[in-house]
Amino acid sequence: MLALVDAKSTILIDCGGDAMHRCLSCGIDPMSIQSVLLSHKDPDHVSGFPLFMVKLWLHGRKEPLPVYGIPSALDLVKKVYGAFDPGHWKGIHDVRWIETSLKPEAVVLENDQWLIQSSPGKHGVPVVGYRFSNKATGIRVCYSCDTEPCDSIVSLAQGCDILIHEANGNIPGHSSTVQAADVASRAGVNSLYLIHLSKDLTKDQVAAAKDIFPDTTVAKDGFILEL
Ligand SMILES: [Zn+2]
């Protein structure tokens, strides 16, 4: 789960596990959540969605929640959420499902604060990475989870200040620390944050990434970056 928090609102990206618990433990006001974006349909990214909806309802959310995602991700989440028959939770907020494109640099949403675009990654199931451009600060952040190194993510990250990239290992559908560093270097970003880490991550693997891209940081669960 990634949360982008600015003065006005919060955008939540992916919803694996207990997203509400993570928001609260990071000091994020659940009532500030403006929308949810999903990257793909794998369980570690969407399985917490029904629980998150119930917890938002218990926190008193009334207004509809926009949820953005590519068709395969939305289809699965709709089924899983629907299986809980959410209509029986009296007064629960509606979910506004917004299907997004798998095309490169597709516009996902644009408002006064953000321009958000997506491009496909390379994984066992369809997946997108996101680029967030904050209109007030000019800061641009690219987030790519669950992908092999690929040109479409390099292009998406070009011009960004920060790349948040997975480092689950050099296995099909994923990237090693070194591969993530190579993507950061090719994209020309200022800083790289490694997420979705391999359970076998070693100091040597991090050092090897820093040899390629010195401004590399390992961002474990609960990591907070203030911009
Ligand atoms: Zn994953």
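General remarks:
- The listed residues VAL108, VAL178 rank as VAL178, VAL108 when sorted by accessible area, largest first, using a 1.4 Å probe.
- Potential lengthening between ASN170 and ASP151 on full extension [0.36 nm per residue; Cα-Cα distance subtracted]: 5.2 nm
- Overall, the ratio between the Cα radius of gyration of the chain and 2.2 N^0.38 Å, rounded to two decimals, is 0.98.
- Solvent-accessible area of ASP94, all protein chains in place: 100 Å² (probe radius 1.4 Å, heavy atoms, ligands and nucleic acids excluded).
- List ARG131, ARG96, ordered by accessible area with a 1.4 Å probe, largest first: ARG96, ARG131
- Note on HIS59: accessible area approximately 80 square angstrom, rounded to 10, probe 1.4 Å, nucleic acids and ligands left out.
- Between 0 and 90°, nearest 10: helix 49-58 axis offset from the chain longest Cα axis: 50
- Cα-centred dipole magnitude for the range 1-100, charges only on beta-carbon of K, R (+1) and D, E (-1), debye, nearest 20: 260
- In the chain, the longest principal axis of the Cα atoms and the axis of helix 203-212 are about 70 degrees apart.
- The largest accessible area among SER198, SER144 belongs to the first residue in SER198, SER144, and the rest follow in falling order (1.4 Å probe, all chains).
- In this view, the solvent-accessible surface of PHE223, computed with a 1.4 Å probe and all protein chains in place, comes to about 90 Å².
- Candidates GLY16, GLY48, GLY138, ranked by Gaussian network fluctuation over the chain, Cα under 10 Å, top entry: GLY138
- Relative intensity of the range 120-227 on a log10 scale, I(q)/I(0) at q = 0.17, 0.18, 0.21, 0.23 Å⁻¹, equals -0.70, -0.79, -1.08, -1.28, per a Debye sum over C-alpha point scatterers of equal strength in the absence of solvent.
- Structure-based [θ]222 nm, the chain - -39500 (n - 2.57) summed over DSSP H runs of at least 4, per residue, nearest 500: -7500 deg cm²/dmol
- Remark: the range 170-227 projects, on average over all directions, an area of 4.4 nm² (convex hull of Cα atoms).
- Relative to the longest principal axis of the Cα atoms of the chain, the long axis of helix 71-83 makes an angle of roughly 40 degrees.
- Rg and Dmax of the range 1-100, both derived from C-alpha coordinates alone, stand at 12.4, 36 Å.
The values are calculated or read from the model by the stated rules, or taken from the named source; none is laboratory data. Here the structure is a predicted model, which means the values were calculated and not measured. As a convention, Cβ positions derive from the backbone with ideal geometry for all residues, glycine included, and neighbour counts pool all protein chains shown. All accessible areas refer to the heavy atoms of the entire protein, side chains included, with ligands and DNA or RNA removed. Shrake-Rupley method; radii C 1.70, N 1.55, O 1.52, S 1.80 Å.
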